[in-house]
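Take a look at the structure set out below.
The values are calculated or read from the model by the stated rules, or taken from the named source; none is laboratory data. This is a predicted model, so every value here is computed, not measured. Cβ sites come from the backbone with ideal geometry, for glycine too, and all protein chains shown count toward neighbours. Note: accessible area is taken over every heavy atom of the protein model, side chains too, but ligands, DNA and RNA are not part of it. Shrake-Rupley method; radii C 1.70, N 1.55, O 1.52, S 1.80 Å.
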Amino acid sequence: RNTRFIGHVEQNLQQAWQLVYEKGTLTARELANDLGLEINTASMRLRKLHEAHLIARTEEVTASGRQHIYTLPE
C-alpha cells in the first residue's frame, strides 16, 4: 500500500505505521523486535503515532502486566 501522509511525519514513524498496517496489531515489544530497537524507542514511536491520531490504542492487562496494543483507527 502506498500511503501518503498530509503534513510532516518522520520517516521512522512512517515505518512504524506501515508495520501496524501490515500486521493488523502491534505492540511496542513486537516493533522493537522487528526493527532492532530498544523497547523505550519503540514505545515512543507508537505513542507519537497514537497522539497524532494515526493509530488506535487499546490496553490489555495480563498476569505479567499491562500492555498496549496498537491498530489502525476504524
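A few comments on the model shown:
- Enumeration of residues in region 31-64 that are free of Cβ contacts under 8 Å to residues at least 12 places away in the same chain, out of contact with any Leu (no Cβ under 8 Å at 6 or more places or on another chain) and either assigned to a helix (DSSP H, G or I) or surrounded by 13 or more Cβ atoms within 10 Å (Cβ to Cβ) (or both): Ala32, Asn33, Ile39, Asn40, Thr41, Met44, Arg47, Glu51
- Residues satisfying the stated conditions in region 1-19, i.e. assigned to a helix (DSSP H, G or I) and open to solvent by less than 70 Å² (accessible area, probe 1.4 Å): Asn12, Leu13, Gln14, Ala16, Trp17, Gln18, Leu19
- Against the criterion of being in a helix (DSSP H, G or I) and either open to solvent by less than 90 Å² (accessible area, probe 1.4 Å) or touching a Lys or Arg at 6+ places or on another chain (Cβ under 7 Å) (or both), Glu22 does not qualify.
- In the condition set (1) open to solvent by less than 70 Å² (accessible area, probe 1.4 Å); (2) in contact (Cβ under 8 Å) with a residue 40 or more places away in the chain; (3) of a type in the set (S, T, N, Q), Gln67 is compliant with all but (1).
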